[in-house]
Structures are given as C-alpha cells and as structure tokens.
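In what follows, a structure is listed as structure tokens, so that the remarks can point back to it.
No lab work stands behind these numbers, since they all come straight from the coordinates. Small disclaimer: the values here were computed from a predicted structure and weren't measured. Backbone-built Cβ (ideal geometry, glycine too); neighbour counts: all protein chains shown.
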Amino acid sequence: MAPPPPPRFFLTTAIDYSNGDPHLGHALEKVGADCIARYRRLRGDAVHFLMGMDEHSQSVIQAAERANVSPRVWVDRMATTFAEYWRQLECSNDDWIRTTEPRHVRGVVALLERIHQQRPDDLYVADYEGLYCTGCEEFKQPAQIANGRCIEHPTLELIHTKERNHFFRLSAYGQRLLQLITTGSFRVEPEIRRNEVLRLLEDGLQDVSISRQRLAWGIPFPGDAEQTVYVWFDALINYLSATGFPEAGYEKRWPADLHVVGKGITRFHCVIWPAMLLAAGLELPRQVWAHGYVQWEGKKMSKTAGTVVNLRTAIERHGPDALRYFLMREVGFENDGDFTWDRFDARYTADLADTLGNFVSRTLSMVERYRNGTLPADAREGTQLDRAGRETTAAYRTAMDGFELQRGLASVMEHASEANRFVQESQPWKLAKEKRDAELDQVLATLVRAVARLAVLSAPFIPVKAAEVWGALGTGRALKDVRLDQLETLSLVGTRVTTLPPLFPKPVAA
C-alpha cells in the first residue's frame, strides 16, 4: 500500500511595490517566510512558496516618470532587482508572480466576473471623494490620518481625489468576517493583530472603491474601458491567480495555508481580501500572520521616508546567513524591532562566531585530533547534553509550528551554549591525556550528535552555513533530505568528519 502523500502547505508573502529598491523591512518579511517554508519542508510537508511583485500603481507610474522610462521598462528593472536580492538572501520560493503577467490578468478578470455572477449587487458604480496616499495606494479614512498626513507615510502629501468608480459592497461582510475570525475558522495572528482587526470589524465597514479613472498603467476593468482595476483589488488576487485560477485544477493548491504580510496591510488581507473571496464563493486562506516593522532609532524603515540602511551593505557586512540570523533573532517576526550596526556586529560575534561557530570548530577538530576524524563506534546516548538536545528539539518544534521564529531560533542558540558548557565540563583533552578512551568516545559522539542537531535545527535560518556543517559530518545525505522526525534515530557511528574553516570569521581590525 502506497504511503499517504505529504501534507501540502501553500505559503505566500505580500508582493512588493516596484517603485524603488527593497530595504530591510522587505527582507524581514521574505526571510521570515522563507524560514517558515524551510521548516515546513523539514517537517516533511509538500511546500509551495510564492513571492512576487506588485507592478500596477500610481507610485510605479511616478517612479518611471522620474527615471524617464516607460512603466514597462521600469517594472522589468525592478523585478530583476528584487529577485536578485532574494536570491542573495537564499529565499527558496517555488514561484515568482508579477501582476503584469497574463496568468494574473486572467485571474483578476475571472474573479470580478465570478463576483458579478454570484453577488451582482456587491458591485456598483458611484462617485467617490477622499484623500489618497500614493505610498499606501489607498484612500485614507480619518483614523488613518494624523496631522494631515498618512500614519504609514508621514513624509507624503495626501492627494485630494474625486472620481466616479466601481465599488465593492464590503459593508455586507462585517458580521460574517467577525464570526469567522472569533471562531478561528479564519485565523489572524499574532493576537495583537487579531484584536486590531476585530475592533475594525466591530466599528463597521464601509464599501470600497475597486477601480481608478484614467490610469493607463493597469488592468482594464471588465466592461468599462475608462477604468482600471484598483491596485489593491488587483494585487490581492495574485495569491489565487498563481494557483492557475480560474483554470481547472487550481483547487489542488488553493486555499493558501498562510499569508505572511506586514502589520500595515492587515485591513487589506484580513478584511477586504476574505470578503472578496466570500463574494465569489471561494474558500478563504486558513491564516494570516502579520509581522512588525524593522526600525531605525524607533522609526519604520520605508522607501518614502528614505532608508538609512542599504540592504546590499547589510548583506555584505557579514554575509547573507548572518543578516538572516539577526533579523529573526534580534528583530523577530511578531513585534517591531530595531536594527543598529552595533547590535548586528555584537550578535554576529557573540552568537554566530563565539557560540555556534566555536562549538562546531572545536568538536570537529577534536574528532580529527583524537580519533583521526572517524566517529567512535561506541556512541551510547544518555548524557546530559543528549537529554537537553531532545528537549531543545521539542521546544523548537512547538515554537516553529506556531510561527514563533524568534523563540525557535533562541532555543537553537541556547543548545549551542549548552554544548559549549558540556565541552568545558567533560574536558575531552583531559580524557585523551589520561587514556580514558571509553569516556572520550562517549563525549566525542555526544558532541557530534549535538553538531548534527544544530545543523538540522538551524537550517531554516542559516541555510548555507548549516549545509556546510552537515556536509562536514560525512553522512552521505544532503541536509535538504533530512526530516525532523528522523533526528533522534539518526546514526552517525563510523562517519568520517572533516574540519572546516571558521564558519563565521571575525572581521580583521583596521
């Protein structure tokens, strides 16, 4: 009898505006989502990880005009730039969607037509007048404005706009969404974001404009050549159009298991998007996770405000794995967190170089020195470090299953610290000098098991360095083929380990 297929897991990130280069805020989201994707593969899930670019917006038109190029030339350039940054940061996405692609345009048109067929009264035409933020690409409500400016983009002037647009009857879905979220049928996490969305729903919803007049750069609104589909209505549908919707078979992937987005766009993803799907008679995504912001001196990093930290410089400072580590360990994936060069350097030195890198280096060197690089046949478990390792794996699994990436990574680093303490307490160099071979064999085997565990558990966060460590253990298996539930039964007896150059070399002082 054939084994059952692995659980599927469809994961998405927000697609980014192509109006300027990516910054650390974009990197936090993409790296965090990639850690989730890599962990779910480690669990054995059949992961499909989607990322992409949002290429229809007024801000894109303005950016192209400033560069004296056409919007098409501009978005092609930006798509290449973003994709290259995510490649450098080792993002393992399976798909990359652009909202200018024919598959996406088909999906947008099909969803509008489906809403019109199923709930024709939910679409209507009316006049609209309000203040528009080109940074958010959104008409702003009074609660979203402070001192006459958008809360998210205080450096931009709000544009007074009056248009005749197509509208979506969002107001009809408030109570239904309130019920779905409070019962957990549609999950919004973490709790602080869920409570914000619930308050928004309790205050009542207003209908939203879903088209713009006279914007040449965009998807034409079906049946109305004078209007283009509003960028947010267009962009949200990427999650669905990437599955092949409306073609047969899209249901094999939809609904999404997890949307990863920034906290500033929860209204779109937790209110407007599920209402659109309800109107179309389609399943809702199972969960939205809304992370916080990367801050510099307490202020959000953004394109419009000017980014004080260049992403390329941050990647090159200590390498991509180090930046991934810092974003997940120091900034985290739930609340806002600060980035400073001093903290980045301190984490790199204390955690990666002195704790993890030092333990791996000294363990491999001792196996080489005392046993010619071959792990002893006597590999009995039962030491304090073995027990701590099993506890670490359990804690890690719990944290990662709940998308608590910061806590999951902290458990890995605590085990690296425990392993270093075990080295100091067991003193293998003393055991070797005193010819206490049986004890030395057990200590060395325990240390190598800890190295293997750290390689596996850290792989979602520092994939390049984790693969190097795993390769040095000589198992003959690729790290990507190892599953979390195999960790406790993994045999390393007799493997031929090799030493490595410093995993995280310290910068040479000027």
Relative to the longest principal axis of the C-alpha atoms of the chain, give the angle of the C-alpha long axis of helix 405-426, reported between 0 and 90° and rounded to the nearest 10°.
10 degrees
Considering the options ALA467, LEU479, PRO501, tell which one lies farthest towards the positive end of the dipole of the chain, charges being +1 on Lys and Arg and -1 on Asp and Glu at the Cβ, about the Cα centre.
PRO501
Rounded to the nearest 500, what is the chain's calculated 222 nm mean residue ellipticity when only DSSP H runs of at least 4 contribute -39500 (n - 2.57) each, over all residues?
-13500 deg cm²/dmol
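How many times 2.2 N^0.38 Å is the alpha carbon radius of gyration of the range 196-336? It would help to have the intermediate numbers written out before the result.
Working: Rg = 18.6 Å, N = 141, 2.2 N^0.38 = 14.4 Å.
Output field value: 1.29.
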Where does helix 437-458 land angle-wise versus the long Cα axis of the chain, in degrees 0 to 90, nearest 10?
10 degrees
Please state the Cα pair-distance histogram of the range 91-208 with 5 angstrom bins from zero: what percent is in each bin?
2, 9, 12, 13, 18, 22, 17, 6, 1
Which whole-Hz couplings ³J(HN,Hα) result when phi for each residue of the range 190-205 is put into the Karplus expression 6.51 cos²θ - 1.76 cosθ + 1.60, θ = phi - 60°, listed in order with x for Gly and Pro?
x, 4, 4, 6, 4, 5, 4, 5, 4, 5, 4, 5, 5, 6, x, 10
Given labels modelled 7 Å from the Cα in the Cβ direction, how far is it in nm from TRP296 to THR155?
0.9 nm
Between the range 456-508 and the range 238-283, the Cα center-to-center distance that results, in Å:
37 Å
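Can you tell me what percent of all Cα-Cα pairs in the range 22-144 are more than 19 Å apart?
Details: 4944 of 7503 pairs.
Across the range 22-144, Cα pairs with separations above 19 Å total 66 percent.
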Starting from a Cα-only point model with no solvent, please compute log10 I(q)/I(0) by Debye for the range 389-460 at q = 0.18, 0.19, 0.20 1/Å.
-0.69, -0.74, -0.79
extent check for the chain: Cα max minus min per principal axis, descending, whole Å, gives 89, 64, 40
Given H placed on each backbone N at 1.01 Å, which residues far from PHE167 in sequence or on other chains put an amide H within less than 5 Å of it?
TYR124, VAL125, ALA126, ILE210
Amide hydrogen neighbours beyond the local backbone of LYS300, cut-off 5 Å, H modeled:
none
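Which FRET efficiency value, to the nearest 0.05, is calculated for ALA146 and LYS435 with the Förster distance at 60 angstrom and r the Cβ-Cβ distance?
Working: r = 74 Å, r/R0 = 1.23.
So, using R0 = 60 Å, E works out to roughly 0.25.
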Amide H to amide H under 5 Å from ARG8: which residues, 5+ apart in sequence or cross-chain, H placed 1.01 Å off N in plane?
ALA46
Toy charge model, Lys and Arg Cβ at +1, Asp and Glu Cβ at -1: the chain dipole around Cα centroid in debye, rounded to 20, equals 1060 debye
How large is ³J(HN,Hα), in whole Hz, for each residue of the range 86-98 in order, when computed from phi with the Karplus curve 6.51 cos²θ - 1.76 cosθ + 1.60 and θ = phi - 60°, using x for Gly and Pro?
5, 5, 4, 8, 6, 5, 9, 4, 8, 9, 9, 10, 10
Applied in sequence order to the range 15-24, the curve 6.51 cos²θ - 1.76 cosθ + 1.60 (Karplus, θ = phi - 60°) yields integer Hz couplings, x standing for Gly and Pro, of 8, 8, 4, 9, 9, x, 5, x, 10, 5
